[in-house]
């Protein structure tokens, strides 16, 4: 009886420890899914709105804009928690602190984008200015952030595959935002924006899934 009670207590303790330790990885998995599902649901609910032609920002001005804003706010907050998890689980190589700060800043900027919408009649001009600066700023912050973290991924055991993928995603993100700044995507700007966003969301998703697998593997090892 005593042995069964002790075993139950150990399982309960392990369950609590697992749930707390895994939170940053889990929210990193959930966040991108929330944004993608929210964008699709809001876009498809608006007659005449085109995922290819119309910008992501213009969706906020429609009757379904509230859904997009909530999803982006949630992603910004969840990203902060995810970054905190990386801070405590990745070796600190050159560029680590810059990468962590910039990635956390991405979460804050994402919440600014959700709060301040693009220029539209009746809105204070400052709203559109903040939105535009935040949008392009996020596009530049993200690649710099993850490329700064790349050396830390390389130096951390079991993260070398993420190092290679981070280099690819970072270079792609930088090329895409430069393309948005220097070229015109007439007729397909909405699709181009979504490719930029999807690249960032997939990176968070892939890193979060890898992170969770490592945490579960560590917890499954017999305790001495």
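What the table below lists for this structure:
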{"read-out": "Identity of the residue in the stretch 75-87, in contact (Cβ under 8 Å) with a residue 24 or more places away in the chain and over 10 Å from the mean Cα position of the chain (by Cα), that ends up nearest to residue 22 (Cα to Cα)", "value": "85"}
{"read-out": "From the options 180, 145, residue that is within 16 Å of residue 83 (Cβ to Cβ) and in contact with a helix residue (DSSP H, G or I) (Cβ under 8 Å, 6 or more places away or on another chain)", "value": "145"}
{"read-out": "Matching entry among 202, 171 (being assigned to a helix (DSSP H, G or I), within 18 Å of residue 83 (Cβ to Cβ) and modelled with pLDDT of 95 or more)", "value": "202"}
{"read-out": "Out of 69, 45, sole residue that is surrounded by 15 or more Cβ atoms within 10 Å (Cβ to Cβ) and more than 19 Å from residue 169 (Cβ to Cβ)", "value": "69"}
{"read-out": "Evaluation of residue 120 against (1) in contact (Cβ under 8 Å) with a residue 24 or more places away in the chain; (2) assigned to a helix (DSSP H, G or I) (one fails), failing number", "value": "(2)"}
{"read-out": "Scope the stretch 181-199; condition modelled with pLDDT of 90 or more and either in contact with a strand residue (DSSP E or B) (Cβ under 8 Å, 6 or more places away or on another chain) or part of a helix (DSSP H, G or I) (or both); matching residues", "value": "189, 190, 191, 192, 193, 194, 195, 196, 197, 198, 199"}
{"read-out": "Residue in the stretch 137-150 that is over 26 Å from residue 41 (Cα atoms), free of Cβ contacts under 8 Å to residues at least 12 places away in the same chain and in a helix (DSSP H, G or I) present", "value": "no"}
{"read-out": "Condition met for residue 21 (under 24 Å from residue 152 (Cα atoms), modelled with pLDDT under 95 and surrounded by fewer than 20 Cβ atoms within 10 Å (Cβ to Cβ))", "value": "yes"}
{"read-out": "Members of the stretch 16-55 that are over 25 Å from residue 103 (Cβ atoms) and part of a loop (DSSP other than H, G, I, E, B)", "value": "45, 46, 47, 48, 49, 50, 51, 52, 53, 54"}
{"read-out": "Failed criterion for residue 58 (all others in (1) under 22 Å from residue 140 (Cα atoms); (2) more than 17 Å from the chain's Cα centre (by Cα); (3) surrounded by fewer than 16 Cβ atoms within 10 Å (Cβ to Cβ); (4) in contact (Cβ under 8 Å) with a residue 24 or more places away in the chain hold)", "value": "(3)"}
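The values are calculated or read from the model by the stated rules, or taken from the named source; none is laboratory data. Here the structure is a predicted model, which means the values were calculated and not measured. Because the Cβ atoms are built from the backbone with ideal geometry, glycine has one as well, and the counts that use them run over all protein chains shown.
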